[in-house]
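Step one of this worksheet: look at the structure below.
The values are calculated or read from the model by the stated rules, or taken from the named source; none is laboratory data. Keep in mind it's a predicted model, so treat the numbers as computed, not measured. Because the Cβ atoms are built from the backbone with ideal geometry, glycine has one as well, and the counts that use them run over all protein chains shown. Surface accessibility is based on the protein's heavy atoms, side chains included, excluding ligands, DNA and RNA. Shrake-Rupley method; radii C 1.70, N 1.55, O 1.52, S 1.80 Å.
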Amino acid sequence: MQILGIILVIYGAFCIAALLLRFPFVYNNGKAKLFIKMMGKTGFDILILVFGLAALIGGILILS
């Protein structure tokens, strides 16, 4: 379970960093463009934030 917790913390940190730094490879791929078209830019940002926080919190809970 330790490995899963570490992976979730890294994934959550990456999602939040991608949201804050607006990595082009996250926002310019086909699936992301589809989500942005459906939900709008703000909705996509909220989706990334929710996934990032959920992974980060879940990883921290697993590790503790």
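Can you give the relative contact order of the chain as a percent, counting alpha carbon pairs under 8 Å and 6+ residues apart? After rounding, I find 65 percent. Taking Met39, Met1 and ordering them by how much accessible surface each has at a 1.4 Å probe, largest first, produces Met1, Met39. Principal-axis analysis of the Cα atoms of the chain puts helix 2-21 at an angle of about 30° to the longest axis.
Can you pull the Kirkwood radius for the chain, inverse mean 1/r over Cα pairs, to one decimal in Å? Could the numbers behind the result be given before it?
On the way: mean 1/r = 0.0823 Å⁻¹.
Evaluated on the chain, it is 12.2 Å.
Within the accessible area of the chain, the carbon and sulfur atoms contribute 79%, probe 1.4 Å, all protein chains present.
How much length is gained on full extension from Asn29 to Phe51, taking 0.36 nm per residue of separation minus their Cα-Cα distance? Let's see the in-between values first.
Working: separation 22, 0.36 × 22 = 7.92 nm, distance 1.79 nm.
Contour length minus Cα-Cα distance gives 6.1 nm.
Restricting the trypsin sites (Lys or Arg not before Pro) of the chain to loop positions (DSSP other than H, G, I, E, B) with no more than 10 neighbouring Cβ atoms within 10 Å leaves Arg22. Any idea what angle helix 30-63 forms with the longest principal axis of the chain, computed on alpha-carbon atoms, 0 to 90 degrees, nearest 10? Computed tilt is about 10 degrees.
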